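Enquirer: Take this structure first; my questions come after.
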Amino acid sequence: MVELELVEISSRKYVRFSEYVYRPWGTSDLCSPVGIAWNKSAVINIILTTGNNQGRWLLHFLYHMSKIHKRTKDFNFNVVITEYDGIDVDLKAALKRSGIPHYQHVRLPGKFQKALGLQLAAGMVKDPNSILFVMDLHLDIPYHFFDDVRKVSKHSDLFIFDNLVISTKLKM
């Protein structure tokens, strides 16, 4: 993988270049492998569930998502949140203020149940070709996060990295 980050000096606009390449043995040529590519525009559905007075962490998460969107101008992501009773912020208003272009939100009654909340959030995603990314609120997220998720995702596969789960196909 060759990755470059370029900046246009006059506009301060950032452009990232990432491609899979290889060099055949005994040559100095760089070649693109056939059949190996990453979908630079794949929609990523960031799925999380919250409750139990986690409002401060939810605002932290929304801040990072908004910051990434403003820097990258990437519109191909959707934040999907299931919210249980007991949250200490107005999530609907926070989502509107965040500047995040696409989001889905549902408020659930009762006691916080992480597994059920995540399953319901995943069920809200209707595009079978998009990426499902289950995320925790308590992370600092780099601006190249979306591209990193897309680079390691392949259609119809499930990837698990430590506490991160990436699914590119979900059957319910």
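Enquirer: Within segment 56-86, can you find the residues that are surrounded by 19 or more Cβ atoms within 10 Å (Cβ to Cβ) and either free of Cβ contacts under 8 Å to residues at least 60 places away in the same chain or among the small types (Gly, Ala, Ser) (or both)?
Expert: Of everything in segment 56-86, those that are surrounded by 19 or more Cβ atoms within 10 Å (Cβ to Cβ) and either free of Cβ contacts under 8 Å to residues at least 60 places away in the same chain or among the small types (Gly, Ala, Ser) (or both) turn out to be 62, 69, 78, 79, 80, 81, 82, 83, 84.
Enquirer: From the set of residues in segment 19-49 that are without any contact (Cβ under 8 Å) to a residue 60 or more places away in the chain and small (Gly, Ala, Ser), which is farthest from residue 72 (Cα to Cα)? Don't jump to the end; show me each part of the working.
Expert: Initially, segment 19-49 is screened for residues without any contact (Cβ under 8 Å) to a residue 60 or more places away in the chain, giving 19-37, 41.
Now narrow it down to the ones that are small (Gly, Ala, Ser): 26, 28, 32, 35, 37, 41.
Values: 26: 38, 28: 33, 32: 25, 35: 27, 37: 21, 41: 12 Å.
Of everything passing the filter in segment 19-49, 26 is farthest from residue 72 (Cα to Cα).
Enquirer: Now, a different point. Identify all residues within segment 1-60 that are in a loop (DSSP other than H, G, I, E, B) and touching a Phe, Trp or Tyr at 6+ places or on another chain (Cβ under 8 Å); write none if there are none. So that I can check it myself, show each step before the final result.
Expert: First, the residues of segment 1-60 that are in a loop (DSSP other than H, G, I, E, B): 1, 9-12, 20-21, 23-30, 32-43, 51-54.
Within segment 1-60, 1, 20, 30, 32, 33, 36, 37, 38, 43, 51, 52 qualify.
Enquirer: Follow-up. Find all pairs meeting these conditions: Cβ atoms under 7 angstrom apart; at least six residues apart or on different chains; first residue within segment 129-140 and closer than 13 Å to residue 50 by Cβ and touching a residue at least 24 places away in the same chain (Cβ under 8 Å); second residue of a type in the set (Ser, Thr, Tyr) and in a strand (DSSP E or B).
Expert: As it stands, the answer is 137/50, since those pairs meet every condition given.
Enquirer: Which condition breaks for residue 78 when tested against (1) in contact with a helix residue (DSSP H, G or I) (Cβ under 9 Å, 6 or more places away or on another chain); (2) at pLDDT 95 or above?
Expert: Going through the list (1) in contact with a helix residue (DSSP H, G or I) (Cβ under 9 Å, 6 or more places away or on another chain); (2) at pLDDT 95 or above, residue 78 breaks only (1).
Enquirer: Could you list, in sequence order, the residues of segment 128-143 that are part of a loop (DSSP other than H, G, I, E, B) and within 15 Å of the chain's Cα centre (by Cα)? Step through it out loud before you land on a result.
Expert: Here is the first cut: in segment 128-143, the ones part of a loop (DSSP other than H, G, I, E, B) are 128-130, 135-143.
Selection gives 129, 130, 135, 136, 137, 138, 139, 140, 141, 142, 143.
Enquirer: Does any residue in segment 1-18 that is within 15 Å of residue 144 (Cα to Cα) come within less than 6 Å, Cβ to Cβ, of a residue that is surrounded by 10 or more Cβ atoms within 10 Å (Cβ to Cβ) and of a type in the set (S, T, N, Q) six or more places away or on a different chain, and which pairs are these?
Expert: Pairs that qualify, where the first residue is within 15 Å of residue 144 (Cα to Cα) and the partner is surrounded by 10 or more Cβ atoms within 10 Å (Cβ to Cβ) and of a type in the set (S, T, N, Q), are 3/18.
Enquirer: Here is a follow-up. Out of segment 75-119, which residues are part of a loop (DSSP other than H, G, I, E, B) and farther than 29 Å from residue 150 by Cβ? Walk me through how you get there before you give the answer.
Expert: Within segment 75-119, the subset part of a loop (DSSP other than H, G, I, E, B) is 75-76, 85-90, 99-102, 109-113.
If the condition is that a residue be part of a loop (DSSP other than H, G, I, E, B) and farther than 29 Å from residue 150 by Cβ, then 85, 86, 87, 88, 89, 90, 109, 110, 111, 112, 113 are the ones that fit.
The values are calculated or read from the model by the stated rules, or taken from the named source; none is laboratory data. None of these values were measured; they are calculated from a predicted model. In this analysis, Cβ positions are derived from the backbone assuming ideal geometry, glycine residues included, and neighbour counts consider all displayed protein chains.
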